[in-house]
Each structure stands twice: as structure tokens, then as C-alpha cells.
Amino acid sequence: MARTIYFTTPIYYVNAEPHIGHLYTTALADMLKRYHLLAGDDVWFQTGTDEHGEKIVQVAEKQGITPKQFADGISGKFRDAWDRIDIQYDDFIRTTDARHVKYVQDVLTKVHDAGDIYFDEYTGKYCVGCERYLTDTELVDGKCPDHQTEPREVKESNYFFRMGKYRQQLIDHIEANPDWIRPERFRNEVLSFLKSPLEDLCISRPKTRLEWGIELPFDNRYVTYVWFDALLNYPSGLAETSKGENLFDKYWSSCNHLIAKDILKTHAIYWPTMLMSAGIPLFNQLDVHGYWMVGESKMSKSLGNVIRPLSFDAAFGIENLRYFLFKEMRFGADSSFTYDLFVERYNSDLANGLGNLLARNAGLVAKNFGAIPAAQPLTDAEEALAAKVKEVVAAYRSNFETRQFARSIEDVCALIGETDKYITRMEPWKMAKDESQKDDLARVLRCGLEICRISAVLLSPVMPKKCAEILAYLGETRPLDGSVPIEELAAFGAIAEGIAIDSPPRFFPRIDEAALAKIIEQVEAESQTATDAVRPREIEPIKKEITIDDFAKVQLKVGRVKEAYPVKEAKKLIRLMVDLGEEKPRQIFAGIKSHYPEPEKLIGQNVIVVANLAPRQMKFGLSEGMVLAASGDERLVAVTVPGQAKPGDGVS
Ligand code: MSP
């Protein structure tokens, strides 16, 4: 019987562009969707963006645009990234969507009417990074351990949700449903947190402090706290999809949340108590994965180690990254990404493993038969491989259901390894020289291709496009949509006969380690120059008015360009040495490379420099100022002043 299942990812904050941490959860939902479709289930998958709150106001202000304009830009970037790498989400929700706003207000009314919201005065320590109040026990040396910043002391009157009232009901639910929060260590973490009394939750912000949010339906002087708003995306997007359907009854009871451990508390405590109060049935499953580190460090823009999915895709292929991420991470544990490890795994599993098995066998089939030969009676050696296939397929479903899919990927790898050994033992290249062994040759090569076909079926949720190409090449045309059971698709012996085989495309070319350093540099440079705080080009910024005194804070000076050359590793940067009439010229990195293909032409020109801009440490060195440029749609022109002006002259 087909089951229904609803996968969600967190809705991502729009204060940063997508990186491979966001990619992991999103691709995970995509992989699980594809697995469930293969298993014949009916799946809905929703992702989206979280757009309200102080954090967004702060970054938008820095850009001189409204929070909505800012959110439009970054939300579009998330959506675009997922579209370009073929993430098959069914709906994309934004917390600024009218359908979501209405849903949040309806729930607030319900919870208020039920008597679970009251008004009170509160003093607490607020961390803008987390967008929540932190308790004293959560602080380390007075700072938020995640953001390394001191929370702000806030004292104000606000609305509170009676979260504490639901503590026992929540404990009972967790105890009665041992798999509700997986893996177990996170379930234990939540239960241990619930041993202490549960405080009520402040769910409003006065508009005098923050206007960017959903207005409370019962008091228009306040907006809704961003987490109370954001968590409701999960049902709001179902109750009204972007196409206007109501899929709540169909999918809600099967809701499976996918998150990383950073937002366990909000999902395992705030969220279910909110649902209890609103009279909405609880979600079905909370799956919590660990954190991706880059080498030993946390991924962070300031450490310059974030990796952007699209840059990675252009250099190495996103499906190869998916393979690495899903095989490498034990569900629930942290894992480390390094380029070296990625390349090592790619070369050994995909280039030398599946890719080589396919190339070797297909090459010999092309030369000796021109098409997949007919089945021959099997010997013990093939029977052993067929038995192995059965074992792998039998464990496949349960591994995916319990999120141990890394084991299934390893099983496929082991199967390929054994088949490789079998081929080496059988020496088909010798058989090919002896006409009397033609049937043996057919048997061996067919078996080699069969394992490739089965591997591609089983890995199709992980590397959908690549596996589809391999399956098409091997003449496997049956759909992977559940109409044929996995066991039949992956049955040993099901490979078609007579499919023309010419020499195969190189599905997994080896990554040349000599060329690697250069590619990595490029991916890194591109990833780092991605502007998290981009201004959407099509939008004319609305800047706040400033006074003459504000303007006087900016010190503009004439600078004469002494040296100018492109930074090889960066797509946009030119390195300038600019004389400001000081002891020595200043080094300034300007993002104008594509507009100045011959940067040396700038040498000798007088430009205008923001002289009192705080120096910024970039990957390529310290940037000690900013050169003004006029910007149009696709143009950037450095602002220059005539030769009579001298280096160091003030500009006002
Ligand atoms: N907006 C909230 C979520 C609201 S859901 C109702 C939020 N946004 S976030 O942009 O910070 O995204 C956090 C999520 O991004 C993590 O839970 C995880 O899914 C993903 N990841 C971000 N960085 C990650 C790693 N370094 N490693 C693994 N996943 C990470 O929190």
C-alpha cells in the first residue's frame, strides 16, 4: 500500500546565501523524496525561507534597502540554487507570503482564545543571531556559545505563550513514541532538558523596537516573534499551497521534519507545545542530523571557508558532492568536509569503482558483441554475486527508512568491489581471444553490466541524473516512480538483451590531482566573493535620510593609482596601490575586474577613496579603503577627478 509522506527542511534565514550546510538538508529531503517515490509512496516536499526578525532588519539596513527588498533578493538566490541543481521540491514557502501571514494570525487567535497567551513584563538576554532569549545556563563566559556575542539585556512588556503548561504532555508523548525524535541521543537530550521546569515563551516584539514581522491579531502594537511565525510554515504551506490547494488533510499526519542539531530545541520543544495549544495534531517524525565542518572548523563566512553549491557544481558536479555527503555522514553525528577527502572518495568509489567497472565491461561488449549478450546459465561465481545483490536489496529499504542510507551506499560500493574482483579473476580479455569461450565471455560481461545497472537503480536517489544516464545507456527504461517495485528493478538477471552497446561515455572521469589545486582555488575564491548581503539589482534602493553630520563622518580623499593588476584567484577583484599623499600607498581591492579588462589603464588616474573605512582582511591581503565607482545595470566606472587634484586632497 502506498504511504503518504511529507518532508520539510528548515526554512532558511535570508541573511546569508546558500552554502553546503543548507544544501545538505535540502538535498537530503530531495534524496528521501526520490527514494520514497522509488518505493511507491506519495510524497510532498516543502522548503522555503524565513524572512522576518531583527537579523534581517540589521543586514537590510546596512544595504540601505527595506527588509522585504533584501529578503526578495536572497530568497530568490535560495530558490535559484535549488532549481539549478534540480532539487525537486513541491513547494517553496516564504514567511512573507500572504497565505502564511494569514495562517499565523489564525493560529495566534486560536491560542489566544484558548487562554494560552498572556501579557507581562519581561527582562531577558536576547541573542539576535539565535533570534531568542538565552538562559544564564546557556551562556559561556557571558556570551552566546554559537555566535560569540554578548546577548543584549532587554526589558519590555510582551505577550507570552504558556509553554510550561504543556511540559508533562510533551514528556508523555516522547516517552510513548520512542522513534519520534531520531537519533536517540537527541531524544535523550530533549528529555533531559525537560527535567527542569519549562518556562513560558515570549512570542511578541513591540513595534517600537521591531516592525518587521507579522502583526499580532489581538494587539497591533506588536509583531510576532520570528520563531513562532517561522515554525508555522510547515502546516501553513500545506493548508494553502502556492497553487492554492489545501493538502493539509492529505499530508500533515505524515509530516517528517529534517533539521540539523542547531535547531533541536525550537523543533522538539517550542513547536510541539505550540501545536498542542492550537489543537493541531503533532508532526510524525523529527530527524536530526549533525553539523558539517570544513576540516576542523565550523563553516563560517568570516573564516572564509564556506562553500557555495553552485560554485562547487560548476567545478566538480553537485551529484558527486551528494554522493560524498550522504555516504560520509553518519546520521546524527558531525562530519568533516575537505577537498582532499572528497577527491579521494570520488576517485576510488566513482572513477575507479562504478565508472571503471562500466567502462571495462562495456568496452569488451562493444568490441566482441556490439550489444548486451543473451543470458547464459550461471556458475557459482555469478550465483554468489546474485546472492549478494539480494542481501543488499533486502537491507536497502530499512536502511533508508531508518536514515542509515550511508550503509546502503557502502553496500553498493562493496558489491562493485566484489564484482571487480570477479572480473579480474575471470579475465574476460583472455576469453575474448578464444572463440570457443564466447558464451563464457557473454556470461561474465553480462554479469559485469548487470551489477552496474543494479548499482545505478540503487544509487538513483543519491545521484539521480548520473544514474538515469547510466540506466539509459544500459537500456533500462522502466520508470523509477514506484510502478515497478525496487526488488524487481534491482533483480539480478533483469538486464535487457540485445541493447546496442558502443564505447561508453566517461561517466566518472578521474579528477586529476595535479589540476586540483587550481580548481579548488577557483571554487574558494568564487564562494568567498559571493556577496551574502547582495542588493538585488532590479530594485532601486530606498536609503534612509541622513544629516550633513552623518555625511561628514565619511572621509573622501583623492588618490592616485600607482599599480593596478587583476587578482588571479578572484573573479571580480583588482588589486590597486593608491597614493593618498601618505607615507606609503595603500592597498585596495576593488570589485571592478570585469569592467576593467586592462586594469593598468587606471595607473596614473586620480580616483576618489573612502579613506576612513575600517581596513578589511580579505583572503588576498588587507584592503585599506574603498574606491568610488558609478554603478549602472551592468556597468561599474571608477569615479575619477582631473589631474590638477593632488593625492590626499579632501573631497567634499
Ligand atoms: N530560520 C531558521 C529555521 C526555521 S525552521 C522553522 C534557521 N535558519 S538557518 O538558515 O540558520 O538554517 C539552519 C539549518 O541549515 C540547519 O538546521 C541545517 O538544516 C542547515 N545547516 C546550516 N549550516 C549547516 C552545517 N554546517 N551543517 C549541516 N547543516 C547546516 O535556523
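We did not get these values from a lab; they are worked out from the coordinates using the rules stated. Treat the numbers as computed from the prediction; the structure is a model and nothing was measured. All Cβ positions, glycine included, derive from the backbone under ideal geometry; neighbour counts span all protein chains shown.
The residues packed around SER236, meaning those with a beta-carbon under 14 Å from its beta-carbon, carry a net charge of -4 if Lys and Arg are +1 and Asp and Glu are -1. To make sure I understand the rule: partners must be lysines, Cα under 16 Å from the Cα of LYS518, and not fewer than 8 residues away in the same chain. Which ones qualify? Cα-Cα hits under 16 Å: LYS568, LYS571, LYS619.
Using the Karplus relation 6.51 cos²θ - 1.76 cosθ + 1.60 with θ = phi - 60°, the per-residue 3J(HN,Hα) values for segment 331-348 come to 4, x, 9, 6, 8, 10, 9, 9, 4, 4, 5, 4, 5, 4, 5, 4, 4, 6 Hz, with x marking Gly and Pro. Cross-link partners for LYS110 among the lysines, with Cα-Cα distance under 19 Å and sequence neighbours closer than 8 places in the same chain left out: LYS102, LYS165. Panel note: the C-alpha atoms of the chain, placed on their principal axes, show extents of 95, 72, 46 Å (largest first). By the helix-only formula, in which each DSSP H run with n ≥ 4 contributes -39500 (n - 2.57) and the sum is divided by residues, the chain has a 222 nm mean residue ellipticity of -12000 deg cm²/dmol. Annotation note: GluC sites (Glu not before Pro) in segment 470-504 located in DSSP loop regions with a Cβ neighbour count of at most 15 within 10 Å are GLU497. Contact order for the chain, expressed relative to its length and based on alpha carbon pairs under 8 Å spaced 6+ residues apart, stands at 13 percent.
Calculate how steeply helix 20-38 sits against the longest principal axis of the alpha-carbon atoms of the chain, using the helix alpha-carbon long axis, and give the answer as 0 to 90 degrees to the nearest 10. The angle comes out at about 40 degrees. Distant-in-sequence amide contacts of ARG132, defined by a placed amide H-H separation under 5 Å and a gap of 5 or more residues or a different chain, comprise CYS127. Cross-link check: pairs LYS143/LYS301; LYS367/LYS465; LYS298/LYS327 evaluated at a Cα-Cα cut-off of 25 Å; pairs beyond the cut-off: LYS367/LYS465. Taking every pair of Cα atoms in segment 298-359, average 1/r, invert it to obtain the Kirkwood radius, and report Rg/Rh to two decimals. Computed over Cα atoms, the ratio is 1.01. Geometric descriptor of segment 296-453, per residue, is 137 Å³ (volume of the convex hull of the Cα atoms). Annotation: cysteines of the chain without a disulfide-compatible partner (Cβ-Cβ under 4.7 angstrom) are CYS202, CYS255, CYS413, CYS447, CYS452, CYS467.
Let me have the relative contact order for segment 239-325, percent, based on Cα pairs under 8 Å that are six or more residues apart.
The normalised contact order for segment 239-325 reaches 24 percent.
Report Rg/Rh for segment 112-190, rounded to two decimals, where Rg is the Cα radius of gyration and Rh the Kirkwood radius. Looking at segment 112-190, the ratio lands at 1.06.
Return the percentage of antiparallel bridges among DSSP beta bridges fully within segment 148-300, rounded to the nearest 5 %. Antiparallel bridges: around 55 percent, rounded to the nearest 5.
Expressed as an acute angle from 0 to 90° and rounded to the nearest 10, what is the orientation of the C-alpha long axis of helix 438-459 relative to the principal long axis of the chain? In the chain, helix 438-459 runs at an angle near 30 degrees to the longest axis. All alpha carbon pair distances within segment 176-282 were sorted into 10 Å bins beginning at 0; the resulting P(r) in whole percents reads 12, 37, 35, 15, 1. Gyration tensor over the Cα atoms of segment 34-118: the corresponding equivalent ellipsoid has semi-axes (square roots of 5 times the eigenvalues, largest first) of 28, 25, 8 Å.
Indicate, rounded to the nearest 5 percent, the antiparallel portion of the DSSP beta bridges found entirely in the chain. Here the antiparallel bridges make up roughly 70 percent for the chain. Of the GluC sites (Glu not before Pro) found in segment 47-90, none is in coil by DSSP with at most 10 other Cβ atoms within 10 Å of its Cβ.
Compared with the dominant principal axis of the Cα atoms in the chain, helix 405-426 is inclined by about 40°.
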